Structures are given as structure tokens and as C-alpha cells.
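Worksheet for the structure shown next.
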Amino acid sequence: MFHSNDPILDCITAGKFAGKFIIDIQLNGKLGWFLMEATSPALFVATILPPVYQSLTSLQPVWTTTQTVLSAMWLTHYINRSTIYPLRAHSMSPMNILTFLSSVLFNGANAYTNGMWVAKYGSYPDTLLEKPRFWFGVALWGAGWWLNIHHDNILFRLRCERQVKDNQKRYSIPHGGLFEYVSCPNYFSESLEWIGWAIACYPSPPANVFVLATIANLFPRAWRSHKWYKQEFPDYPPKRKAVVPFLF
Ligand SMILES: NC(=O)c1ccc[n+]([C@@H]2O[C@H](COP(=O)([O-])OP(=O)(O)OC[C@H]3O[C@@H](n4cnc5c(N)ncnc54)[C@H](OP(=O)(O)O)[C@@H]3O)[C@@H](O)[C@H]2O)c1
């Protein structure tokens with residue numbers, strides 16, 4: 001198991017970078033993952049429920065199809081991420097309590113601000129459904145979502161094969177799909193997903209902040225992972241980048 005030289009990062013990460021520092025309380029991987037990710041759909045639903053209810057009960061509907069499409073995008077991602085993802089994972093590494101708490105905060109803030117914007121502060125009339133920009137955003141989100149699941153699946157298979165073969169957790173070099181170009185295509189596609197979301201929601205300050213926060217979170221993580229792969233595997237494909245094909 002790899003340990004970085006950075007005690008702060010060590011103490012707040014899991015999996016390849018799990019470490020013991022500052023606070024060494026570990027949660028069950030799958031349960032911790034479910035609880036931290038389920039914060040997001042739960043809070044998002046709480047923010048959209050009042051206007052949906054108002055729309056259903058008043059004579060003048062206030063909830064639009066555009067808002068339904070946007071809400072479906074958010075909830076589709078997070079139902080997979082919170083529930084289906086941990087159920088499908090062969091195993092998940094224990095999670096440090098600080099990772100858990102910071103992720104609950106991150107997910108909660110993003111879900112609340114994005115939900116409030118879609119439900120109340122933004123303007124999402126159904127005329128947006130005629131705009132190519134809206135559908136471009138939805139399509140980019142859909143492509144990112146599909147690619148994210150595809151590459152998560154490759155890692156799941158690898159984790160499962162390694163554990164069955166060696167009867168212990170080991171890491172190996174992933175192959176297939178965008179893994180031929182980057183070390184972390186799951187992070188790349190997750191970033192595409194949220195860029196698509198921000199385009200569909202335009203102009204939405206919370207969506208823009210969420211994209212920037214996601215990239216600020218996932219790109220350094222990809223870079224560390226990439227560095228780790230190169231240190232661990234002398235035969236690691238030299239042309240593979242960290243997260244953006246051909247660029248970074
Ligand atoms: N929006 C955000 O800010 C955000 C933040 C974090 C994660 N995510 C998303 O959540 C998903 C999971 O992220 P993650 O950071 O947990 O992914 P990860 O570190 O790549 O791990 C995913 C799974 O694959 C296993 N695995 C990874 N590399 C492997 C290898 N080389 N050989 C064998 N097994 C390997 C891991 O096992 P171990 O558990 O044993 O390491 C784990 O079960 C991704 O789709 C990511 O995009 C999003």
C-alpha cells in the first residue's frame with residue numbers, strides 16, 4: 001500500500017493513498033460511501049420538493065419540463081453514485097472519517113446550492129428546450145456519465161480479478177477504453193459530465209462553482225494516481241497522461 005509524503009493528503013484519502021495520521025478512525029468502505037454520497041440526492045430532492053408540490057396543487061403550474069430534465073440528470077448521477085456504485089463494487093477500502101466528513105460537506109453544499117438554483121433562483125422556462133446549447137449540455141453530461149460508468153466497471157473487474165487471484169488486495173495496470181490514453185479516465189469523464197451540467201444549466205453560478213471544485217478535486221488526485229502508477233509499475237505505458245488525453 002502506497003503512502004505519500006504529504007501527511008494532510010494521507011489523512012484525508014482512501015484506497016491507494018490510505019494513510020494513518022492526525023485522526024485514525026476508519027469507517028466501513030461501502031457504508032461510508034453510501035452515506036456520504038446519499039447526502040446529495042437527499043438534499044437536492046429536499047430543495048425541489050416545495051415547488052414541485054406547489055406545481056401539482058396550484059392552478060398555475062410553476063415547475064417546467066426543463067427543470068424536470070435538469071433534476072433527472074442530477075438524481076440519475078447520484079442514485080448511481082450513492083447506491084448502485086457501492087453495491088456493484090467487489091470491495092471498497094475503509095474510509096477515513098475526515099474523508100467522510102469533508103465529502104458530506106462538499107456534497108451537501110453542492111446539492112443544496114444547485115438544487116436551489118434549479119428550483120428557485122434560476123430561470124428555466126420550457127423555451128430552453130428549443131435551444132441547441134441546452135441539448136449540447138445534456139448530451140455532454142450523458143456521454144460523461146456513460147464513460148464514467150464504463151471506466152468504473154473496468155476498475156471493478158480489475159479489483160475483483162486481483163482479489164480472487166491473489167486472495168488479497170493488489171493493484172494492476174488498467175487497460176481498455178480511455179485507459180489507453182490516461183491513468184484516470186473515470187475522473188476525466190466525471191469532469192465532462194459536470195461541464196455538460198453547467199452548460200445545460202447556464203447561467204448558473206452554483207453549477208460553475210461545482211465544475212471548478214470537481215476539477216480542483218479530481219485533477220490533483222489523478223496526477224497523484226498517475227505518479228503512483230509510474231512508481232509502482234516500471235512497465236507503465238510511458239505515453240499515458242494523467243487525466244486529459246494527449247494534454248495532461
Ligand atoms: N465529483 C467528485 O468530486 C468525485 C470525487 C471522488 C470520486 N468521484 C467518482 O467516484 C468514482 C470512484 O472514485 P475513486 O477515487 O474511489 O476511484 P478509484 O480510486 O479509481 O477506485 C475505484 C475502484 O477501483 C479499484 N481500483 C482502482 N485502481 C485499481 C487498480 N489499478 N487495480 C485494481 N483495482 C483498482 C479501487 O479499489 P481500492 O478501493 O482497493 O483502491 C476501487 O474499488 C469515480 O467514478 C470518480 O469519478 C467523484
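Just so it is clear, none of the values below were taken in a lab; they were calculated from the coordinates. Worth saying up front: this structure is predicted, and the values here are computed from it rather than measured. Neighbour counts are summed over all protein chains in view; Cβ atoms, including those assigned to glycine, are modelled from backbone coordinates with ideal geometry.
Rounded to whole Hz and in sequence order, give me ³J(HN,Hα) for the stretch 84-95 from the Karplus expression 6.51 cos²θ - 1.76 cosθ + 1.60, θ = phi - 60°, writing x for Gly and Pro.
With the stated coefficients, the stretch 84-95 comes to 6, 4, x, 5, 7, 5, 4, 7, 9, 4, x, 10 Hz.
Pull up all non-local amide H partners of L27: gap of 5 or more, or a different chain, and H-to-H distance under 5 Å with H placed in the peptide plane.
Those qualifying (amide H under 5 Å, at least 5 residues apart or on another chain) are M95, N96, I97.
For the stretch 7-232, what is the relative contact order in percent, using Cα pairs closer than 8 Å and at least 6 residues apart in sequence?
Reported as a whole number, the value is 22 percent.
Can you give the extra length, in nm with one decimal, that the chain gains between N217 and F233 once fully stretched, where that is 0.36 nm per residue apart less the Cα-Cα distance?
The N217-F233 span can extend by a further 3.3 nm.
Under a GNM of the chain (C-alpha, springs under 10 Å), which listed residue has the highest mean-square fluctuation: A109, A139, A72?
With Cα springs under 10 Å in the chain, the top fluctuation among A109, A139, A72 is at A72.
Please compute the Kirkwood hydrodynamic radius over the stretch 7-232, one decimal place, Å, based on all pairs of different Cα atoms.
18.8 Å
With the crude spin-label approximation of a point 7 Å out along Cα→Cβ, what separation in nm comes out for S102 versus K131?
Rounded to a tenth, the inter-label distance reads 3.5 nm.
On a full-extension model of 0.36 nm per residue, what is the gain between H150 and Y202, subtracting their alpha-carbon distance, rounded to one decimal in nm?
Difference between extended and current length: 16.0 nm.
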